[in-house]
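This report concerns only the one structure given below.
Rule-based calculations on the coordinates, nothing more; no lab input. Since the structure is predicted, the reported quantities are computational estimates derived from the model, not experimental observations. Please note: Cβ atoms are built from the backbone with ideal geometry, for glycine as well, and neighbour counts cover all protein chains shown.
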Amino acid sequence: MSQYLDLREKIDDLKIEEAAEIIKNGGIVIFPTETVYGIGANGLDSNAVEKIYTAKEREHNKPLILLVSDKKMLDQIAENISNIEMKLIEAFWPGPLTIILKRKSTVPDIVTAGSETVGVRMTSGEIARKLIEKCNFPITAPSANVAGRPSGTSVADIFEELNDKVDCIIDGGDSKVGIESTVIRVIDGIPHILRLGEITPEQIKEVTGTVMVEANDNQQKQYAPNSECILVYSEDEKQMIDKIKEIALKHPKVTILSSQEHAEIYKKITNLVINIGSIKDLNEVSKNIFSALRQADKEKSDVVIIEGVKQEGIGLAIMNRLIKACGNNYIEI
Ligand code: TXA
Ligand code: MG
């Protein structure tokens with residue numbers, strides 16, 4: 001059993017101090033950020049960081065990111081920051097942008113998976129910022145989930161999965177963004193997006209003039225429900241609905257992740273319809289998507305069918321996560 005600190009109603013500095021003490025003593029703490037929940041440990045202490053790999057059942061070849069509470073803290077972990085990297089930092093921090101920078105030797109190999117770079121982010125989440133400030137060193141922030149599972153966006157979603165594996169859980173309510181940060185690496189002066197997030201390629205381009213998106217190259221299965229999962233999208237709503245109905249009717253037990261607008265239509269063919277929010281507000285969909293995937297998993301259907309969204313703005317990142325969840329089982333009409 002971990003210690004549970006409830007900060008949903010009010011941010012209580014004394015409770016944050018308790019959590020900071022746990023981290024200072026080498027423990028690990030689940031805490032909210034604006035994107036998704038993270039698991040924090042002292043990012044400069046290999047023994048503490050090792051506990052995170054164990055809790056997440058994560059392969060050691062996948063590096064962790066570090067969170068800082070202000071730009072000054074960057075000096076502890078990164079060096080040779082270029083003008084373009086600085087421009088990105090100025091434009092998007094605090095916020096959901098992780099930048100891959102040249103690491104200092106203070107950063108243990110276990111954080112970077114042996115690489116000479118380190119991923120860094122200044123979160124805008126108030127609880128997280130205060131927690132790091134009180135620690136006065138960068139803390140790790142991989143998403144709070146067992147490897148391969150959807151990232152945790154509420155404590156209820158991850159409590160069973162992680163409660164026994166961490167020392168403390170800070171509850172800050174539902175995550176504001178709902179999907180993980182945009183990850184960027186500047187190579188030869190050009191920003192490469194390694195993971196899509198709320199900060200879009202267009203926004204990056206506005207700041208730097210160029211951008212390359214590599215995030216779709218590596219579509220290994222992640223976030224996936226145990227049932228077969230199919231993603232369907234068409235700009236033509238009627239075609240999309242017809243296709244989803246056609247697939248649904250072939251299976252006895254079907255869960256459909258549907259936009260609010262179409263939920264009533266699907267309820268006529270299955271009682272397992274999960275509302276992912278309005279297509280007119282993709283920020284709402286992004287907030288709901290990981291929770292919806294977890295809920296779908298619990299239904300243990302023969303198939304989970306997901307309505308896709310338009311790939312623009314944050315829709316790009318939503319579809320990126322959904323295509324992964326479906327293991328590339330994606331029908332675009
Ligand atoms: O929004 C987020 O970034 C959340 C919150 C909790 O901060 N964290 C998160 O961490 O999503 P994680 O570990 O689930 O994902 C970090 C991503 C991984 O895809 C990892 O491969 C990449 O960042 N990454 C970390 N360090 C890297 C490095 N040195 N070079 C390239 N990619 C790196
Ligand atoms: Mg993750």
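This table checks each residue for (1) within 16 Å of ligand 1 (Cβ to nearest atom); (2) under 30 Å from Asn80 (Cα atoms); (3) of a type outside the set (Val, Ile, Thr); (4) touching a helix residue (DSSP H, G or I) at 6+ places or on another chain (Cβ under 6 Å).
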| residue | (1), (2), (3), (4) |
| --- | --- |
| Arg185 | yes, yes, yes, no |
| Pro191 | yes, yes, yes, yes |
| Leu194 | yes, yes, yes, no |
| Gly197 | yes, yes, yes, yes |
| Pro201 | no, yes, yes, no |
| Val211 | no, yes, no, yes |
| Tyr223 | yes, no, yes, yes |
| Thr255 | no, no, no, yes |
| Ser258 | no, no, yes, yes |
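Go through Ile99, Ile11 for me and flag whichever is surrounded by 18 or more Cβ atoms within 10 Å (Cβ to Cβ), more than 16 Å from ligand 2 (Cβ to nearest atom) and of a type in the set (Val, Ile, Thr). Break it down stepwise before answering.
On the way: Ile11 fails: surrounded by 18 or more Cβ atoms within 10 Å (Cβ to Cβ).
On inspection, the qualifying residue turns out to be Ile99.
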Pairing a residue in region 104-130 that is at negative phi with any residue that is in a helix (DSSP H, G or I) and surrounded by fewer than 17 Cβ atoms within 10 Å (Cβ to Cβ), where Cβ atoms lie under 7 Å and the two sit 6 or more apart in sequence or on different chains, gives Thr106/Gln76; Pro108/Ser46; Ile110/Ser46; Ile110/Glu50; Lys130/Asp13
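If you scan region 1-27, which residues turn out to be outside any helix (DSSP H, G or I) and under 19 Å from Ile77 (Cβ atoms)?
Gly26 - this is the single residue of region 1-27 that is outside any helix (DSSP H, G or I) and under 19 Å from Ile77 (Cβ atoms).
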Could you please give the count of residues in region 70-103 that are without any contact (Cβ under 8 Å) to a residue 60 or more places away in the chain and in a helix (DSSP H, G or I)? 8
Looking at Ala156, Ala147 in this structure, which one is under 30 Å from Gly27 (Cα atoms), among the small types (Gly, Ala, Ser) and not in a loop (DSSP other than H, G, I, E, B)? Ala156
So Thr210 ticks every box in (1) outside any loop (DSSP other than H, G, I, E, B); (2) touching a strand residue (DSSP E or B) at 6+ places or on another chain (Cβ under 6 Å) but one. Which box is left unticked? (1)
Being within 11 Å of ligand 1 (Cβ to nearest atom) and over 22 Å from the mean Cα position of the chain (by Cα): is that true of Glu116 here? yes
When Leu316 is evaluated against the numbered criteria (1) farther than 25 Å from Gln203 by Cα; (2) out of contact with any Pro (no Cβ under 7 Å at 6 or more places or on another chain); (3) in a helix (DSSP H, G or I), which criterion, by number, is the only one it fails? (1)
Unmet criterion (only one of (1) in contact (Cβ under 8 Å) with a residue 60 or more places away in the chain; (2) in a strand (DSSP E or B)) for Leu257: (1)
